[in-house]
Amino acid sequence: MSRIGKLPIAIPAGVKINLEDGNLLTVEGPKGKLTRKLSSDMNIAQENGQLTIERPNDLKRFKALHGLTRTLINNMVVGVTQGYEKKLEINGTGYRAAKDGNKLTLTLGYSHPIVMPDPEGITATVDGNTKITVSGIDKEKVGQHAANIRAKRPPEPYKGKGVKYETERIRRKAGKAGKK
């Protein structure tokens, strides 16, 4: 039995879950509404304030889907109640970020500024010039937008310049050795 898949998902107060035919799940909470089509092979049941997921048999494919389905549903429930956020830092002389409406403008040492519009349901905020916070209710979209921002100038190992996650540690390398 999947250790993650067999755990029930507690439904907090204020969260409405609607399960339609073909495992089309809609989760509605105080922060918003998320809809996702899940695998029709999984059996999802809602009883006394909890969701349980069961698989039809022990084939390898169903074992993998069991834990995945439970995690996706749990992420939806947490998203509509608490939301998700990723924090990024910009390091480097002259590197900065600015916010104009729903557009994030990054100046990262290229000959032109990079303008990135916020995806639907995701907001990016700038603290100072060098800290960016990406937040929203969909964990997948928040992570993807943060990764897209980081990909514009990933941190390099010699001076540590670039865009990095707040918790990320950059493995630094020594520069050229001098002549003796």
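Let me make sure I get this right: for the stretch 83-173, a, b and c are the square roots of the gyration tensor eigenvalues over alpha carbons, sorted descending. Under 1.5 in a/c it's rounded, otherwise prolate if a/b > b/c, else oblate. Which is it? Kindly include the intermediate steps, with their values, before the conclusion.
Working: a/c = 2.09, a/b = 1.35, b/c = 1.55.
Judged from the Cα gyration tensor, the stretch 83-173 comes out oblate (a/c at least 1.5, b/c at or above a/b).
Express in Å², to the nearest 10, the accessible area of residue 168 obtained by rolling a 1.4 Å probe over the protein heavy atoms while all chains stay in place.
For residue 168, solvent-accessible area is about 50 Å².
How large is the charge dipole for the stretch 99-153, taken about the Cα centre, if only the Cβ atoms of Lys, Arg (+1) and Asp, Glu (-1) carry charge, to the nearest 20 debye? Intermediate results must be reported in sequence, preceding the final value.
Values: 8 positive and 6 negative charges, 48 e Å.
That gives a dipole near 240 debye.
For every other residue with a beta carbon closer than 12 angstrom to the beta carbon of residue 147, add +1 if it is Lys or Arg and -1 if Asp or Glu, then tell me the sum. Could the numbers behind the result be given before it?
Values: positive: 86, 141, 150, 152, 164; negative: 140, 168.
Surrounding charge for residue 147 is +3.
Helix 139-151 against the longest principal axis of the chain: what's the angle in degrees, Cα atoms only, rounded to the nearest 10?
Result, in degrees: 20.
Probe of 1.4 angstrom, ligands and nucleic acids ignored: what's the accessible area per residue over the stretch 1-145, in square angstrom? Let's see the in-between values first.
Values: 8340 Å² over 145 residues.
Per-residue value: 58 Å².
Which value, in debye to the nearest 20, gives the size of the charge dipole of the chain about its Cα centre, when Lys and Arg are +1 and Asp and Glu are -1 at the Cβ?
Here the chain has a charge dipole of around 1560 debye.
Explain nothing, just the number: relative contact order of the stretch 47-159, from Cα pairs under 8 Å at least 6 residues apart, as a whole percent.
Values: 143 pairs, mean separation 27.3, N = 113.
After rounding, I find 24 percent.
Kindly provide the pair-distance distribution of the stretch 128-180 built from C-alpha pairs, with 10 Å bins from 0 and whole-percent values in order of increasing distance.
21, 41, 23, 10, 4, 1
May I ask for the Rg/Rh ratio of the stretch 18-122, computed from Cα atoms with Rh as the Kirkwood radius, given to two decimals?
1.17
Plugging the Kirkwood radius over Cα pairs into Stokes-Einstein for the chain, at a temperature of 4 °C and a viscosity of 1.567 mPa s, what D comes out in µm²/s? Each step should come with its number before you reach the end.
Numbers: Rh = 18.9 Å.
For these conditions, the coefficient is 68 µm²/s.
Got a number for carbon plus sulfur as a percent of the stretch 95-146's accessible area, 1.4 Å probe?
On the way: 1410 of 2810 Å².
Of the solvent-accessible surface of the stretch 95-146, carbon and sulfur hold 50 percent.
With all protein chains present and a 1.4 Å probe, how do 80, 126 order by accessible area, largest first?
Values: 80 0, 126 35 Å².
If we order 80, 126 from most to least accessible, we get 126, 80.
Just to verify a number: FRET efficiency for residue 24 and residue 100, C-beta to C-beta distance, R0 = 41 Å, to 0.05?
Details: r = 37 Å, r/R0 = 0.91.
So the FRET efficiency works out to roughly 0.65.
Add -39500 (n - 2.57) for each DSSP H run of 4 or more in the chain, then divide by its residues: what number comes out at 222 nm, to the nearest 500 deg cm²/dmol?
Working: 2 runs with 35 residues, N = 180.
Rounded to the nearest 500, it is -6500 deg cm²/dmol.
Using only the heavy atoms of the protein chains and a 1.4 Å probe, how would 61, 96, 36 rank by accessible area, largest first? The partial results should precede the final answer.
Working: 61 140, 96 110, 36 70 Å².
Largest accessible area first, the residues go 61, 96, 36.
The values are calculated or read from the model by the stated rules, or taken from the named source; none is laboratory data. Bear in mind that the values here come from a model prediction, so they are computed numbers and not experimental data. For neighbour counting, all protein chains shown are included, and Cβ atoms are generated from backbone atoms with ideal geometry for every residue, glycine included. Each accessible area value is taken on the protein alone, full model and side chains, heavy atoms only, with ligands, DNA and RNA left out. Shrake-Rupley method; radii C 1.70, N 1.55, O 1.52, S 1.80 Å.
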